[in-house]
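To start, the structure under review is shown below, and the notes come after it.
The values are calculated or read from the model by the stated rules, or taken from the named source; none is laboratory data. Computed from a predicted structure; not experimentally measured. Here the Cβ positions follow ideal geometry from the backbone for every residue, glycine too, while neighbour counts run over all protein chains shown. Remember, those area values only see protein heavy atoms, side chains included, never the ligands or the DNA or RNA. Shrake-Rupley method; radii C 1.70, N 1.55, O 1.52, S 1.80 Å.
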Amino acid sequence: MILKERSEVNKITTNLSIAELRASLKGRVIVPGDADYDEARMVFSGTIDSRPAVIVRVANTDDISRVVSLAHETGLELAIRSGGHSGAGHGVCEGGIVLDLADMRALEIDVKGRTAWAETGLTAGEYTAAVGAHGLATGFGDTGSVGIGGITLGGGIGFLSRKYGMTIDSLLAAEVVTADGQLVYADANTNPDLFWAVRGGGGNFGVASRFKFQLVEVDMVVGGMLILPATADVIADFVAAAEAAPEELSTIANVMIAPPMPFLPPEAHGKLIVMALIVYAGDTEAGERALAPFRAIATPIADMLHPMHYPELFPPEQAGYHPKAAARMLFVNDIERSVAETILDHLKASKASMAVTQIRVLGGAISRVPADATAFAHRTSRIMMSVAAMYQDSAENAIHEAWVTNLASILQQNDSGTYVNFLGDEGEARVRAAYPGQTWERLTAIKTRYDPTNLFRLNQNIPPVGD
Ligand SMILES: Cc1cc2nc3c(=O)[nH]c(=O)nc-3n(C[C@H](O)[C@H](O)[C@H](O)COP(=O)(O)OP(=O)(O)OC[C@H]3O[C@@H](n4cnc5c(N)ncnc54)[C@H](O)[C@@H]3O)c2cc1C
């Protein structure tokens, strides 16, 4: 079989056969017709159904270089995939090449030195479980199946961020295969421009094959789920408690209509709830004290907070879960009672099978890093909010897109920034909003140096100068 497809833009063609491609790589090549093609092309988002010409499960950096060259030679679009959770579905493409890192999962843990080198095919959950066996951790997000590739390159905000900063604040070095096929090492001293850019600038600068992370001692935490009845007062009080809490404590509060979940009493089903994930990463007794203000906000519908090993926060996930969702994120300064009322009114009016407004109070170590120290510049943004609508029928997409866009615009205060890891396919202006002011100028200059032809363009794209 011949890779016949040609880019209309780039007329370079190749006579490379799939047999030759297979012979030139250590990793697996999957093409339409192969038994696992349909599974291999699937990404987390259920709204994406793209059929790439070829999927390469790379085995090493030579394979990555080969696939990067293939993209050059053929002009085919190149998708880079770690965990496949991009909301825009950038982990797959129509008719192009998917470079899938899932088989590159080596992890070298230096327990004494408190560092780990991790290949980017690992998921956050796999990494967390492996280093957690030593009572150590690096903070990622709230979901184990997210790839360390995408979350790290975009920033990484999760349960340990208020105490230890974002994932990029624990990144010590990266190895990146750039557009010329070379493997480039970057840290604070070597190629510092690239190192700055990959800490928030996404997959624009090359294929990250490995990251070196700082590990911190996080063994037992107190945390889990606390479910409260959602009223405007409860939401406002919850946010105030989260802001007043010690930095060891992080919260992710999902305001939503309660689905019929087994751990909820039947009388709560269909009612507005705050389903909060709360984690205190520190001493258990101090944790219980820090949790008390949250338990006192209202009589909990369910209180599942308890001491646990940190990796238990990332339980196995439902296989084959590919939700269709519309989502918008924004940063806000405060959530007063009137804002909470608006959220509740709109949730009640949504036609989605599940509509959620997620609230994460930031601050702490995130805000102590200067805005220009990494490509993530929103260091002083106080609260991250996501408005999301999950639905079953693709035909309803426009209704839910309109609902999330409308609610996000109503909730918008004076922080116009956005977080690149929570962007969908939302257009150039939203990518610019992720990289305000000087950050954008620096990123485009570094992009021009490392990827002048914009080979890595299937992402939240930062084009090279003149493109
Ligand atoms: C259920 C869910 C929960 C989430 N929770 C959080 C959270 O708590 N905190 C948070 O900060 N984010 C969270 N996110 C957002 C998540 O961080 C981003 O969607 C991230 O991009 C996903 O990374 P991935 O590797 O799984 O996705 P992929 O789709 O594989 O990758 C996303 C993009 O990143 C780039 N990329 C990935 N790996 C590489 C690589 N090795 N080299 C070069 N480029 C690469 C590519 O451009 C790719 O298109 C969540 C997303 C979902 C769906």
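Restricting to DSSP H runs of at least four residues, report the calculated mean residue ellipticity at 222 nm for the chain, -39500 (n - 2.57) per run over all residues, nearest 500 deg cm²/dmol.
Calculated at 222 nm, the ellipticity per residue is -8000 deg cm²/dmol.
Compute the whole-percent fraction of alpha carbon pairs in the chain spaced more than 28 Å apart.
Details: 55658 of 108811 pairs.
More than 28 Å apart: 51 percent of the Cα pairs in the chain.
Quick one: how many lysine pairs in the chain have C-alpha atoms under 16 angstrom apart, if they're 8 or more apart or on different chains? Don't jump to the answer; show the numbers that get you there.
Numbers: Lys112/Lys212; Lys271/Lys348; Lys271/Lys351; Lys324/Lys351.
Here the count comes out as 4.
Can you give the net charge of the other residues whose Cβ lies under 9 Å from the Cβ of Arg105, counting K and R as +1 and D and E as -1?
So the environment of Arg105 carries a net charge of -3.
Run through the stretch 332-428 and list the trypsin sites (Lys or Arg not before Pro) located in a DSSP loop whose Cβ has at most 13 other Cβ atoms within 10 Å.
Lys351
What net charge do the residues around Arg368 carry, taking every other residue with its C-beta under 13 Å from that of Arg368, with Lys and Arg at +1 and Asp and Glu at -1?
+1
For the stretch 220-422, what percent of Cα pairs sit more than 32 Å apart?
Summing the P(r) tail past 32 Å for the stretch 220-422 gives 15 percent.
Amide H of Arg28: which non-local residues (sequence gap of 5 or more, or other chain) have their own amide H closer than 5 Å, using H built in the peptide plane?
Here Arg57 satisfy the definition.
For the stretch 18-100, what relative contact order do you get, as a whole percent, if you take Cα pairs closer than 8 Å and at least 6 residues apart?
33
In square angstrom, rounded to the nearest 10, how much accessible surface does His346 have for a 1.4 Å probe?
Per-residue accessible area (His346): approximately 40 Å².
Using the alpha-carbon centroid of each, what span in Å lies between the stretch 80-110 and the stretch 273-308?
Here the two parts' Cα centres lie 35 Å apart.
So what J values fall out for the stretch 239-250 if you push phi through Karplus, 6.51 cos²θ - 1.76 cosθ + 1.60 with θ = phi - 60°, rounded to Hz, Gly and Pro as x?
5, 4, 5, 5, 6, 7, 5, x, 5, 5, 9, 10
Starting from the Cα gyration tensor of the stretch 270-324, take the square roots of the eigenvalues, sort them a ≥ b ≥ c, and report rounded, prolate or oblate (rounded when a/c is under 1.5, otherwise prolate if a/b is larger than b/c, else oblate).
oblate
If contacts are Cα pairs under 8 angstrom and at least 6 residues apart, what is the relative contact order of the chain in percent?
On the way: 1093 pairs, mean separation 69.4, N = 467.
Here the relative contact order equals 15 percent.
Could you tally the net charge around His306, taking each other residue with its Cβ under 13 Å from the Cβ of His306, Lys/Arg +1 and Asp/Glu -1?
After counting each charged neighbour, the total is -2.
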